[in-house]
Every structure is written in structure tokens, then in C-alpha cells.
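Notes follow the structure.
Any read-out appearing in this document is the output of simple, stated calculations on the displayed coordinates, not a laboratory observation. This one's a predicted model, so the numbers in the text were calculated from it and none came from an experiment. All Cβ positions, glycine included, derive from the backbone under ideal geometry; neighbour counts span all protein chains shown.
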Amino acid sequence: MEYLVFLLIGVMTGLLMALFGIGGGAFIVPALDAAFLVVPNFEHPPFQLIVIGSLCTIVIGSLPRAIRVLASNRDERNVAKTLILSALPFIFLASIVATQLTDFLLRIGFSLTIALIGLWTLFGKASSTSGQPKSPQTKLIKLIIVGAISGISSALFGLGGATLLMPLLTMWVALPIAMCVDISILFVATTSLVSLITLSTAWVGIHGSNSIDSTMITLILLLGVSAAITQTIAIGKLLKMKDIIRQRLLGCYLIILGIWVIFRLAN
């Protein structure tokens, strides 16, 4: 019964991911959290393991697209390289920190981060390319900061892809949206793989391999893989929606998600 529940939730999550054009922690983490709540007589996994499951899904869903993007514009690859190199040191540090933090602190951090992104997405406006900083040094500093923020968020909460990266690159760094999509894919594939390896290694090193239940991992992977496959199939088949409507809906979703996570902590 639990396998069917996780499969159905995975399919629905994949449809949401395809609708909003992003696929990562903003959908997988809450989906896994909710899925374990509806399975009776099953111990709810620690938040860190849910993040590990989310990272597995992101890697599965983003690697094929990232490989195709690698052959595209060199400027996009250079920006992605700057972001990735900026993120890596913070991923290693945050992965160690994540294993020491309580579920409460991680969930509070996740909810506040996702709610702030939601408010920014709901009310913010993408900068025009004419607003790009004239100084290459200023642009480089901004990219390094964005990479650091995304690296920390990826390791702690499984958030580091389009949900976080797209608003930062379009609204703050002022890069064109089309360029940001390819950059995001390359960044997500690389940093999620590194986050997955470092967080899993740190968790096993501190808590031992016995702390990971095989059935739990199977359920997490079932939901994640079904979501990734559904997104891949549905991404070009859903009804077209204006970008501004999609942005507003995504902003509302993220705000509601942040409130829901806090409500879960209070009960």
C-alpha cells in the first residue's frame, strides 16, 4: 500500500514540477514529508534523509538535460563554472553542519527560506538586461555570492536550483531568463551531485549505515524517480501559461508551503 501511495504522490509532484518549469527541493522535500505522514506505522525519517532523497531526484532529473546544455554557449558555461566553484566549499561545510542540526532548526530554515523566495517571486520583477552591472568585477562578486548562497541552501535544505537560482540571477544579477535556464541546469546537476555525496557521506560517518533503513530509501527513491520521469514526460505537454501567471502561482505556492512547514512544527 505504501508503495502505491509514494508512486501516486511522485506522479503528482512531477506534474507540478513540469507546470512551474523547476524541479527540486521546493516540491520533492514537502512531497516526501507528506508521503511519510500518510503511511501508517512507519517511522518518519529525519529531515536530513528527506533532503538526501530530494537530491537523488534532482540528480536523476537534471543530468541528462545538463549534458545536452554543455554543448551550448560558452558564456553560459563560464557563468555556471563561476557559480559552481563558488558553491563547492560551502556545500562541504554545510553538509557537515546539516548532520549536527536538529529537525526543528532545519525545518524552520527551510520554511523561512522558501517563504522569502515565494514573496520575492510573487511581488518581484525580473531586471532587464540593460540593468546589468557595467563593471565585470561587480558582476563577478554577485555571481560568487549567489553561488555561495545556493551551495549552502542545497546542502541544508535541498534547495539550490531554479527555485533559488532563477530569482537571484534574473532579479539581482540581471541576466536574461533564457540564459539563466541553461546556467541553472548545469549548476543544479553538478552541485546536487556533490551535495548528495558529501551529505550522505557525512551522515553515515556520524550516524552509521544502520541509521538508514532500506525500506525508507526504497520509498524515497520510488517517489523521486516517479516524479523525475513524470516531469520529463509532461514538461512539453502541459497547457501553455503566461510567464507572469506562472510566476504569481509559484510565489503563492512557495508562501503556502512555508506556512505549512511551520504549522507542521507546531503540531
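Checking the a/c ratio against 1.5 first, then a/b against b/c, what shape does the Cα gyration tensor give for the stretch 50-118?
It comes out prolate by the Cα gyration axes.
State to the nearest 20 debye the size of the charge dipole of the stretch 28-118 about its Cα centre, where the only charges are +1 on K and R beta carbons and -1 on D and E beta carbons.
440 debye
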